[in-house]
Amino acid sequence: MTRIAHLLGHQPTLSFEFFPPADEVAAKQLDDTLDELAGLAPSFVSVTCGVGGDGHDRTRDIVTGICGDRPFPAMAHLTCVGHTRQGVAALLDDYAAAGVVNILALAGDPPDGSAISGDFRYASELVEVVRAHPANFSVGVAAHPEVHPRSADRVSDRRHLAAKLNEADFAITQFFFNPSSYNRLCNELADLGCHQPVIPGVMPVIWPKSIRRYAAMNGSTVPEKLFSDLEALSGPERVSAAAEAAAELSRSLLEANAPGIHLYTLNRPEASTLIARELSGWVGTC
Ligand code: FAD
């Protein structure tokens, strides 16, 4: 299976993010979405993980399934929350045995906003453990262009991010809507001596109400005009306007030399398909 680190630095990548389905109907929706997006030959896909209960097991089952059945690499998200060193070691062994070689190491967010429990507090500690595993995983981390909400200030946010990213292979960002947020992040990292690839995460606003809520939690600034225009639309009209806005943002990021575009699919194929068509010729696939 291809390591994402090896894909970067050539033609820009196009990747899709999914989340584990909550029930059988949602599982069927995810399967259908994967079938449809597989036709676009993504460079890689990734699967998020929930922070409680069997969250990591569900992610593992989906990621190993994709790696077994599909021609493109799948990356597993792995979070600190509630995890022991032993649990992480066992999970990494499972991934290695199934041929999964790409891990996104994250802090995660405790559901009730409490302190992170478990053996790890910061994503950088997880990076260290993933790196030490003999499978030679390709390791990604999260970046927050508009500064992580738990950061004391911008300077410390960038300092911790640069240190974490220098130990990893690449970062994927939280969603944002102004390309200058991404450019500023890359410049600030470069000023700290960090030149690792940072893949922008792009969110098509197909569900403005929910995405406003996610944005408030992530500290992402919402462009009022775009959101109110999209809120006034519905059905396929909204999807195509959301895809057009996301494609425009993606093009300006690629013009600024972004190493790829990571699309938050929300487990729906329509907007991502339209965006991928708009970006054909700009991005490479697997
Ligand atoms: P960290 O890098 O640990 O940073 C968190 C905070 O701690 C920051 O403020 C940072 O500045 C600070 N910090 C870091 N190191 C230190 C240190 N040594 N000393 C003091 N402060 C420090 N969440 C999920 O639950 N599941 C997912 O699947 C998931 N996928 C994601 C995918 C992407 C691409 C992104 C961008 C986010 C994702 N998240 C996911 C959300 C993420 O887990 C949260 O944003 C979380 O709050 C922060 O994660 P992090 O890995 O950036 O944390």
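Numbers below:
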read-out	value
Odd one out for LEU230, checked against (1) more than 12 Å from the ligand (Cβ to nearest atom); (2) open to solvent by less than 40 Å² (accessible area, probe 1.4 Å); (3) within 23 Å of LEU126 (Cβ to Cβ)	(3)
Yes/no for ALA105 being near the ligand (Cβ under 8 Å from one of its atoms), within 24 Å of LEU7 (Cα to Cα) and of a type in the set (A, V, I, L, M, F, W, C)	yes
Residue identified as over 26 Å from HIS6 (Cβ atoms) and either touching a Cys at 6+ places or on another chain (Cβ under 6 Å) or away from the ligand (no atom under 14 Å from the Cβ) (or both) among THR64, THR84	THR84
Residue in the stretch 149-174 that is farthest from the ligand (Cβ to nearest atom), counting only those that are polar (S, T, N, Q) and free of Cβ contacts under 8 Å to residues at least 24 places away in the same chain	SER156
Members of the stretch 1-34 that are within 13 Å of the ligand (Cβ to nearest atom) and assigned to a helix (DSSP H, G or I)	ILE4
Every residue from the stretch 217-242 that is closer than 28 Å to SER43 by Cα, under 18 Å from the mean Cα position of the chain (by Cα) and part of a helix (DSSP H, G or I)	ASN218
Pair list, Cβ < 6 Å and 6+ apart or interchain, from the stretch 4-15 residues that are open to solvent by 40 Å² or more (accessible area, probe 1.4 Å) to residues that are in a loop (DSSP other than H, G, I, E, B)	LEU7/SER43; GLN11/GLY284
Every residue from the stretch 65-96 that is farther than 17 Å from ASP32 by Cα, open to solvent by less than 40 Å² (accessible area, probe 1.4 Å) and of a type outside the set (Gly, Ala, Ser)	PRO73, MET75, HIS77, LEU78, THR79, CYS80, VAL81, HIS83, VAL88, LEU91, LEU92, TYR95
Condition met for SER124 (crowded, with 19+ Cβ neighbours inside 10 Å, of a type in the set (S, T, N, Q) and in a helix (DSSP H, G or I))	yes
Search result, residues across the stretch 35-49 that are in a helix (DSSP H, G or I) and either open to solvent by 10 Å² or more (accessible area, probe 1.4 Å) or basic (Lys, Arg) (or both)	ASP35, GLU36, ALA38
Selected residue [within 14 Å of ALA76 (Cα to Cα), assigned to a helix (DSSP H, G or I) and open to solvent by less than 70 Å² (accessible area, probe 1.4 Å)] from VAL139, VAL130	VAL130
Residues being under 26 Å from PRO21 (Cβ atoms) and in a helix (DSSP H, G or I) - total across the stretch 251-265	0
Hits in the stretch 122-159 (condition: among the hydroxyl-bearing types (Ser, Thr, Tyr) and out of contact with any Asp or Glu (no Cβ under 8 Å at 6 or more places or on another chain))	TYR122, SER156
Residues of the stretch 108-138 satisfying the condition of being within 12 Å of the ligand (Cβ to nearest atom) and modelled with pLDDT of 95 or more	TYR122, ALA123, SER124, GLU125, LEU126, VAL127, GLU128
Subset of the stretch 48-85 (residues that are closer than 26 Å to ARG121 by Cα and in contact with a Lys or Arg (Cβ under 9 Å, 6 or more places away or on another chain))	CYS49, GLY50, ALA76, CYS80
Unmet criterion (only one of (1) open to solvent by 10 Å² or more (accessible area, probe 1.4 Å); (2) more than 10 Å from the ligand (Cβ to nearest atom); (3) part of a strand (DSSP E or B)) for GLU146	(3)
Meets criteria (out of contact with any helix residue (DSSP H, G or I) (no Cβ under 6 Å at 6 or more places or on another chain), part of a loop (DSSP other than H, G, I, E, B) and closer than 18 Å to ALA123 by Cα) for GLY108	yes
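The values are calculated or read from the model by the stated rules, or taken from the named source; none is laboratory data. This one's a predicted model, so the numbers in the text were calculated from it and none came from an experiment. In this analysis, Cβ positions are derived from the backbone assuming ideal geometry, glycine residues included, and neighbour counts consider all displayed protein chains. What goes into the accessible areas is simple: the full protein's heavy atoms, side chains included, and nothing from ligands, DNA or RNA. Shrake-Rupley method; radii C 1.70, N 1.55, O 1.52, S 1.80 Å.
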